[in-house]
Structure formats: C-alpha cells, structure tokens
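Structure first, commentary second.
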Amino acid sequence: MNYDYKNDRHSGAVKIQARLQLTSFFSGAATMIIELAGSRMVAPFFGTSLIVWTALIGIIMTSLCLGNWFGGSIADKRPEGKLLGRILLFAAIIVAVTAFLSNYILTSLQGLSLNLYMASVFAALLIFAPASILLGMVSPFVARLAMQNVDSSGAIVGRLSALNSAGSILGTFMGGFVLISLFPSGVIMMLVASLLALLSVLVYTGAWRRIISIIILIVLAGGTYIADEYGLPFSPVGVQIDTAYNHLSVVESVDTRNGRRVRVLVTNPDSAQSLMYTDHPSELVSEYTKFYDLAFHYKPDTKKILMLGGGGYCVPRYVLENYKDVSIDVVELDPGVTQTAREYFDLKDDPNMRIFHEDARTFLNRAKRDGLDQYDAIFMDTFSSWIVIPFQLTTVETAERLRALLKPDGTLIVNIIASIYGPKSGVFHGIYKAFSNSFNTMMIFPCNAPEAKYAYALQNIILVAMGDTAAQISPTPDAKYTGLLANQWLEPFAPDPNVPAFTDAFAPVERYALAQGDF
C-alpha cells in the first residue's frame, strides 16, 4: 500500500507525518544506544581499548552506510508503510536475538585466539552489523514515505535528518549518562528492541500487522524482564557490574602459591586489576604492589602520599594498616569502582584517606593551577591492562606536573605493564623518555622476572623516579626492602632511539602495546 498524501485528509496526513518523524528520531536514538551498550557487552571478553572502540564504531558506521544505500533503493521501488514496519520489526527481533546470543558468540570468538584487531571486528560484525544495516534503511525509507511533492522535498529531508541527528544526540547522552548507570547492557539492548517493535506498530497500517507487532512487543518486554532478573545466558563467571566508565567483573579463585582464597577485580579480560585475600584484606597479593613500599626506603619520613588509580584500593588499605600517621589521597576516575571496592574489597572510610573522583590528569592540572600542597610520594597505577593505557598519563607534560607536585626529595613510583626490551617494550621506553625530562634519577624494577634473560618478557615494571634532591638512604636497608631492592635492573639500559618521548600531542601507546598484533 502506498501513502497517497494528495487524496488523504489533512488530519490523517499530519498524523502520518508525525509518526514518521517519531520513527526518524527514535531510530537515531536506538542506533547510538546500541553502540554504547554494545561496548559493555564486548568489554568482559576483549576489553574497552581504543582498538575495540574503533572496530565497533567502524563496523556500525559501515553497516549504516550499507543500510542507507539499500534502503533508498528499496524505498523507491516499494514505498510502502508495511515494508518499513517489517524492517523495524526485524531489527527489533535481531537486536533481541543477538543480545541473548552475544555471550555465546563472544566466548566462541575468544576461543579462536584471534588478535585483538580481528576479534573486535568479527565481534562487531556478528553482533551489531545486522541490526545496524536494518536501522540504516529506516532514514531513506522514512524520507521517501514522507515526500509529498518535489517543491517541499528539501524541507522534508532536512527536517527528518535533523530529527534523526537529534535522536542520535539523545541516545548518546541517555545511553552514556543514564541507561548504562541504571541497567545491565543486556537489559538496555532488550529495551531498544522493544522500542523498535513499538515504532513498527506506529508505521504499520493494517490492523493484523499491528497486532503481530504488539504481540512481539509484549514478548520483548518479557525478555527485558528476564534479562534484568536473571541476566543473559552464557554470562561470564562472577559478579558483573556496569558503571559509568567501566564494565567490572568480581570473581574469586585460589592462590596456587598458598591455597588461600582470593577475590579479584577485573576491568579487562587479559588482566586482574586488584586482588585481595578474603581472610586478610589488608595483605597485598600482587607482587608488583609490594614495590610501593620502596617509597619508605628512599624517603623514610614519608607522611603524605598521592595515589593515582584506586581500583580495589588494595595499596591504600595496606598503607593505612601498616604505616601509622601516614595520609593518602586517592584519585579514582570511576565512582562505580570505588563503590565496588566498598562492597567487595573491604574499603572503609578512614580519616587519613581522601578520595577524589576525577581523571588523574585533570587532578594534576588542577593541582598545578591551584598550587596544592606537595607530596612525599606519588604512586601511579593507572594501567587497566597492557593494552588499555591512559595515554594522557604517559607524557612529558604529565611528568612535569608530577614533578611539581612532589617534594624535592620525594619519590614517584609508576607501575607499567611492558617488557624492558623487544617488541613489547615500546610503551615503557616512551614513558621512560618522557619522565626522564623531569626526573634526574630513574630506577627500573622488573617485578616478576628481573634477570637479564627475561628482558623480553611482558611483566609489571616499576619505575622509581626522583628529582633534584635524593633522600639520605641507609647503607643497610631494612630487611623488608632487601627483597624488593634485589629486583633492581642493574644491566645497562638505553631507551630505543626509534621510540619518541610521549607527549600530549603524540603518544601512540596502542601501536606500541600491540606491536605484534597478538592478544
């Protein structure tokens, strides 16, 4: 059935136009919500690195382009409201089906041991491309159906394009600021599917077609409830938490070294950000975290510490438990991470600890601007994994701000995930060069394998940096530090001349982190 606006009554035409405009608006919103929620679905399996985001955006945009192309061609041949209704209804069904199958698809892809580039692209193709193609067909279809005559075609197309863009804007803010904070990603996808089914009801003209759409809408609403109440099938193990910035997993395992129960906070699938013994929360589990003790070796009178990156708050909890009269300021971007630490990692309020929820670089910029008091030591632990690196904290400019915030005899301790030499060393060399511009003393401590034969091994590397005035260090260090000091890299070290010192303008951390393209 074609829409014949010339023979239609004015009120009917206005009503149809309004429905088409609503369809254009909400289909744009649905597309952006799918993109944002999709990143959370992929996160437990492949992380949230720039590589993953690039694949998602690239595949979805490509799919929308294909949908625009095919939708325009089909709309010219069959400008029928019922066909647009079918497209919306099929899109709703596909969004719902892929939401319920997403964990199975992603688990299968993860088992293929693809590199991160290929895994991310295939994930986006299998989960998001089909629905995105159908959603791309909506805009040209709506424009064709709304067209009354050539004289008004420009105004109609412009109005519908503006509404679609406005919907995309709403979907972006609604998805990023509201929905992801309130609902699991699977529930959000089911809500989008229900919205698309509702749009199909609006554009269908036949009563029986509307009845079918309403039945499917009811089924999808039931699926939304199931997803909210029980989660999606094949869900990853552990407690799954979506925050405003991250997808978190909290799992428990056994430390094979001693048989003790360990609780783990996972922000990316290839790494564990924080580990805690359930029988002794203030004891450090991860070997690299023990190297923060070196601050008290190099400056025994350390009293005031800044830590960039809270995670499970393992280090702050340890410091407050073991060093009396020490205060620590913790900068953690994500309030959801802090809340998770409170619920699962024994984080308690302490008069000697202040928590700042903001980006670490923003905090450093503000500290420079406002002239905040200097610290005896600064700890940096901001890597979510060896491929998720906040580039803005690796640069010459960051080092300058850190140096200004340290006392003259203060100590900076930075955790870096890389190798000392070889194809996985680029990130370390770039940071080393950037920080050496501001710090005269730079010491390297490979945490897991300090021997020269393991220089090419990917591991936690602790970089200890000091400024113009070094503290007086006892020639006979406390026994608690001797094991840590034994890990110091004493072999000759020369930064790779082919790796630039990272700057705010150029810090290609992803390229160096994925130098070999394996995951």
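With respect to residue 304, is the statement that it is at pLDDT 95 or above and farther than 30 Å from residue 172 by Cβ true? Here the answer is yes, as residue 304 does meet what is asked. Residue-level analysis places residue 473 outside the set of residues that are in a loop (DSSP other than H, G, I, E, B), open to solvent by less than 10 Å² (accessible area, probe 1.4 Å) and modelled with pLDDT under 95.
Exactly one residue among 354, 342, 401, 366 is open to solvent by 40 Å² or more (accessible area, probe 1.4 Å) and touching a Lys or Arg at 6+ places or on another chain (Cβ under 7 Å), and that residue is 401. Of all residues in the stretch 251-304, those satisfying the criterion of being aliphatic (A, V, I, L, M) and assigned to a strand (DSSP E or B) are 251, 254, 262, 264, 265, 266, 275, 276, 284. Checking 59, 74, 34 one by one, the residue that is part of a helix (DSSP H, G or I), β-branched (Val, Ile, Thr), within 21 Å of residue 193 (Cβ to Cβ) and open to solvent by 20 Å² or more (accessible area, probe 1.4 Å) is 59 and no other. Do you know which residues across the stretch 299-316 are surrounded by fewer than 24 Cβ atoms within 10 Å (Cβ to Cβ) and of a type outside the set (Asp, Glu)? Passing the criteria: 299, 300, 302, 303, 304, 309.
For (1) touching a helix residue (DSSP H, G or I) at 6+ places or on another chain (Cβ under 8 Å); (2) open to solvent by 60 Å² or more (accessible area, probe 1.4 Å); (3) closer than 24 Å to residue 305 by Cβ; (4) in a strand (DSSP E or B), each residue gets a yes or a no:
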| residue | (1), (2), (3), (4) |
| --- | --- |
| 422 | no, no, no, no |
| 435 | yes, no, yes, no |
| 438 | yes, no, yes, no |
| 442 | yes, no, yes, yes |
| 461 | yes, no, yes, yes |
| 464 | yes, no, yes, yes |
| 491 | yes, yes, no, no |
| 502 | yes, no, no, no |
| 511 | yes, yes, no, no |
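For the stretch 424-431, the criterion of being farther than 23 Å from residue 319 by Cβ, among the aromatic types (Phe, Trp, Tyr) and open to solvent by 50 Å² or more (accessible area, probe 1.4 Å) is satisfied by no residue at all.
Yes or no, residue by residue, for (1) among the small types (Gly, Ala, Ser); (2) out of contact with any helix residue (DSSP H, G or I) (no Cβ under 7 Å at 6 or more places or on another chain); (3) in contact (Cβ under 8 Å) with a residue 60 or more places away in the chain; (4) open to solvent by 50 Å² or more (accessible area, probe 1.4 Å):
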{"residue": "96", "(1), (2), (3), (4)": "yes, no, yes, no"}
{"residue": "102", "(1), (2), (3), (4)": "yes, no, yes, no"}
{"residue": "132", "(1), (2), (3), (4)": "yes, no, yes, no"}
{"residue": "143", "(1), (2), (3), (4)": "yes, no, yes, no"}
{"residue": "158", "(1), (2), (3), (4)": "yes, yes, no, no"}
{"residue": "162", "(1), (2), (3), (4)": "yes, yes, no, yes"}
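Report, by residue number, each residue of the stretch 39-57 that is of a type in the set (A, V, I, L, M, F, W, C) and at pLDDT 85 or above. Reasoning before the result, please.
Step one: filter the stretch 39-57 for residues of a type in the set (A, V, I, L, M, F, W, C), giving 41-43, 45-46, 50-53, 55-57.
41, 42, 52, 53, 55, 56, 57, listed by residue number.
For the stretch 79-97, indicate whether the set of residues that are of a type in the set (A, V, I, L, M), within 30 Å of residue 383 (Cα to Cα) and at pLDDT 90 or above is non-empty.
In the first step, residues of the stretch 79-97 are kept if they are of a type in the set (A, V, I, L, M); the result is 83-84, 87-89, 91-97.
Now restrict to residues that are within 30 Å of residue 383 (Cα to Cα): none.
For the stretch 79-97, residues of a type in the set (A, V, I, L, M), within 30 Å of residue 383 (Cα to Cα) and at pLDDT 90 or above: absent.
So the check is Cβ under 7 Å with 6+ separation or different chains; which pairs have a first residue in the stretch 262-286 that's over 26 Å from residue 245 (Cα atoms) and a second one that's in a strand (DSSP E or B) and of a type in the set (Ser, Thr, Tyr)? Taking only residues 6 or more apart or on different chains, the pairs are 283/277.
Enumerate the helices (runs of 4 or more DSSP H) found wholly within the stretch 118-231, keeping only those where 2 or more residues are farther than 21 Å from residue 89 by Cα and modelled with pLDDT of 90 or more. Walk me through how you get there before you give the answer.
Details: elements: 129-146, 153-173, 185-203, 207-230.
Where helices (runs of 4 or more DSSP H) fall fully within the stretch 118-231 and carry at least 2 residues being farther than 21 Å from residue 89 by Cα and modelled with pLDDT of 90 or more, they are 153-173.
So, of the residues in the stretch 237-250 that are in a strand (DSSP E or B) and open to solvent by less than 50 Å² (accessible area, probe 1.4 Å), which turns out to be nearest to residue 346 (Cα to Cα)?
The first filter runs over the stretch 237-250 and keeps only residues in a strand (DSSP E or B), leaving 239-242, 247-250.
Those still in the list that are open to solvent by less than 50 Å² (accessible area, probe 1.4 Å) too: 241-242, 247-250.
On the way: 241: 17, 242: 20, 247: 20, 248: 17, 249: 16, 250: 13 Å.
Per the criteria, the residue is 250.
The C-beta contact set for the stretch 80-91 (first residue within 10 Å of residue 203 (Cα to Cα) and open to solvent by less than 10 Å² (accessible area, probe 1.4 Å), second residue aromatic (Phe, Trp, Tyr) and part of a helix (DSSP H, G or I), distance under 6 angstrom, 6+ apart or interchain) comprises 84/141.
Conditions (1) within 17 Å of the chain's Cα centre (by Cα); (2) over 30 Å from residue 189 (Cβ atoms), marked per residue:
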| site | (1), (2) |
| --- | --- |
| 240 | yes, no |
| 245 | yes, no |
| 253 | no, no |
| 267 | yes, no |
| 274 | yes, no |
| 278 | no, yes |
| 281 | no, yes |
| 286 | no, yes |
| 295 | no, yes |
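So in the stretch 128-186, with the set limited to residues that are of a type in the set (Ser, Thr, Tyr) and over 24 Å from residue 59 (Cβ atoms), which one is farthest from the chain's Cα centre (by Cα)? This residue is 152. Just to be sure before I move on: is residue 376 more than 29 Å from residue 513 (Cβ to Cβ) and crowded, with 20+ Cβ neighbours inside 10 Å in the structure I sent? Yes.
The values are calculated or read from the model by the stated rules, or taken from the named source; none is laboratory data. What you are looking at is a predicted structure, and each value in this text was computed from that prediction instead of being measured. Positions of Cβ are backbone-derived with ideal geometry, glycine not excepted, and every protein chain shown enters the neighbour counts. When the accessible area is computed, the model is the full protein with side chains, heavy atoms only, and any ligands, DNA or RNA have been set aside. Shrake-Rupley method; radii C 1.70, N 1.55, O 1.52, S 1.80 Å.
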